[in-house]
Each structure stands twice: as structure tokens, then as C-alpha cells.
1. Please find, among Phe117, Phe113, Phe27, Phe36, the residue that is aromatic (Phe, Trp, Tyr) and in contact with a strand residue (DSSP E or B) (Cβ under 6 Å, 6 or more places away or on another chain).
2. Is it true that Arg215 is among the basic types (Lys, Arg) and within 27 Å of Arg77 (Cα to Cα)?
3. So if I check each of Ser181, Ser196, which one is of a type in the set (Ser, Thr, Tyr) and either crowded, with 17+ Cβ neighbours inside 10 Å or at pLDDT below 95 (or both)?
4. Can you confirm whether Phe90 is outside the structural domain of Thr188 (by TED's automatic domain parsing) and of a type in the set (Phe, Trp, Tyr)?
5. Quick one: in the range 43-54, of everything that is in a helix (DSSP H, G or I) and in contact (Cβ under 8 Å) with a residue 40 or more places away in the chain, which residue is nearest to Gln103 (Cα to Cα)?
6. Conditions first: (1) within 21 Å of Leu192 (Cα to Cα); (2) among the polar types (S, T, N, Q); (3) at pLDDT below 95. Ser157 passes all but one, so which condition is the exception?
7. Please go through the range 175-190 and pick out each residue that is part of a helix (DSSP H, G or I) and either within 13 Å of the chain's Cα centre (by Cα) or assigned by TED's automatic domain parsing to the domain that holds Asp38 (or both).
8. Out of (1) surrounded by 17 or more Cβ atoms within 10 Å (Cβ to Cβ); (2) modelled with pLDDT of 95 or more, the odd one out for Lys189 is which?
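The values are calculated or read from the model by the stated rules, or taken from the named source; none is laboratory data. The model shown is predicted, which means the values in this text are computed figures rather than measured ones. FYI the Cβ positions are ideal-geometry reconstructions off the backbone, even for glycines, and counts take in every protein chain you see.
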Amino acid sequence: MPYRDEPFFTYKIYHVFNKTIDKREIFTEQLLGKQFLDQLCYYRSDRATLSYSKYRKLPEHLYKSKEAEIQVKLSYRATLLAFCLMPNHFHLLLRQEKDGGIQEMLSNTVNAFTRYFNLLHERKGPIFLPRWKAVRVRTEEQLLHVSRYIHLNPTSSGLVSTFDSLLTYPFTSLREYIDSSAEARCYTKEILSLFSGSRSLYGEFVKGNIVYQRRLAKIKKQTR
């Protein structure tokens, strides 16, 4: 089970991230990335009383009823503001809505995903490091820069090379911020409100830092 020493404070925002134990690349498969995100969105609700595997096996009428129930925002343990899944690690931007919410949401998600992954690959043991890291976001400026940092991870690492290709990367929430018709997993209004609700302005904000963030990532890699 993932954990951290310091508690999370309710109604505060955190940048949460973790890596695989052996640097194993797992989020290169569409199936696995979608599974992790689906489980994350399921367990953010405190009405997720069934295991995810049992939830998925419910008869259609019960499944739809439960699906509607877990989408009620008042039930959220934590609100997902942004995300990016990289081949061997993940970044999440979360606001805790209930005491212990982030810890419970992530523990349930990681445990469920680990069981799924191990069954699929006929293995045993944990996938992610036991201690995941979290940095509290204290200002609006920091919130903007962290969201941009998260969304630019695929370009910084060289997985994709352009802003247009970044928009097609399947495991980032950037498209939700740019395209109102994209599948909505995140609450985007909080960050977009800092751009007067303009998706295009946020897009320019992210796009304008691609070269700089890629250069920083290269320097960091060279100094390790």
C-alpha cells in the first residue's frame, strides 16, 4: 500500500507522483493506462463501496446506477485537477475534499491496479515504490506552473516532439483543457478561471514553455 509520512490537509491542492519499483515501463499499453485512470476516477468517490472488478461485472442496469452514484461530486474524496501517466511513473494534481481522501483514493487505486496488472502478467508483488511523494501547492502561480509541468512531461522526456502531438498523447489531461468535447475526467474550471475561462490562452501558456522545460529536463538528466 502506498503511503507518506506527512498528512494531507483537506481543501488543499497537492502534486502527487510516484515511480515503478524497477523502472518497469507499464503505461506504454493503452489498456493499462486506461485501466489506471478508470480506477482512479472510480475510487475518488467514497461511494465506491465495491471493488472495481466487482463494479465492472455488475448487470447493466446496476452498473449504470452505480456509475451515476460515483459521479456525484459531493461524494469525492479528492478532485482530480490534472494528470499525466508516463511509461514508468505518474503525476497527479489533486485537491483533497475529505479527511484522508487522497490517501484512500490512491491506496485503493494502486492496490486495484496492481492486482489487475499482476493477474494480466502472471506475476506477484508491488509495482510502485511504497513511498509516494507529494508537494503542496500554495499559490495560484504555483498551481499554474505545476499544471503546465505535468502536461509537458511527454515533451520534456522526448516521448512526443510537438504541441500537436502532445494533444494526441492518450494519458494526459491536456486535451480536456484545450478541447471542450474531450472526455472529462478532471475539474478544469479552477485553472482555466485564471485565464478568464479561455482554453486557447491556457494552450498558449503550455505551448510557450515546451523548449524551456525540455532544456531543463536535459540538464537535470546530465547532472544525475
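1. Working: Phe117 fails: in contact with a strand residue (DSSP E or B) (Cβ under 6 Å, 6 or more places away or on another chain); Phe113 fails: in contact with a strand residue (DSSP E or B) (Cβ under 6 Å, 6 or more places away or on another chain); Phe36 fails: in contact with a strand residue (DSSP E or B) (Cβ under 6 Å, 6 or more places away or on another chain).
Of the residues listed, the single one that is aromatic (Phe, Trp, Tyr) and in contact with a strand residue (DSSP E or B) (Cβ under 6 Å, 6 or more places away or on another chain) is Phe27.
2. Numbers: among the basic types (Lys, Arg): yes; within 27 Å of Arg77 (Cα to Cα): no.
Considered against the rule, which asks whether it is among the basic types (Lys, Arg) and within 27 Å of Arg77 (Cα to Cα), Arg215 comes out as no.
3. Working: Ser196 fails: either crowded, with 17+ Cβ neighbours inside 10 Å or at pLDDT below 95 (or both).
The unique qualifying residue is Ser181.
4. Working: outside the structural domain of Thr188 (by TED's automatic domain parsing): yes; of a type in the set (Phe, Trp, Tyr): yes.
Here the answer is yes, as Phe90 does meet what is asked.
5. Here is the first cut: in the range 43-54, the residues in a helix (DSSP H, G or I) are 43, 52-54.
From what's left, in contact (Cβ under 8 Å) with a residue 40 or more places away in the chain: 43, 52-53.
Details: Tyr43: 11, Tyr52: 17, Ser53: 20 Å.
Ranking the candidates gives Tyr43 first.
6. (1)
7. We begin by selecting, within the range 175-190, every residue part of a helix (DSSP H, G or I); these are 175-178, 189-190.
If the condition is that a residue be part of a helix (DSSP H, G or I) and either within 13 Å of the chain's Cα centre (by Cα) or assigned by TED's automatic domain parsing to the domain that holds Asp38 (or both), then Glu176 is the only one that fits.
8. Single failed check for Lys189: (1).
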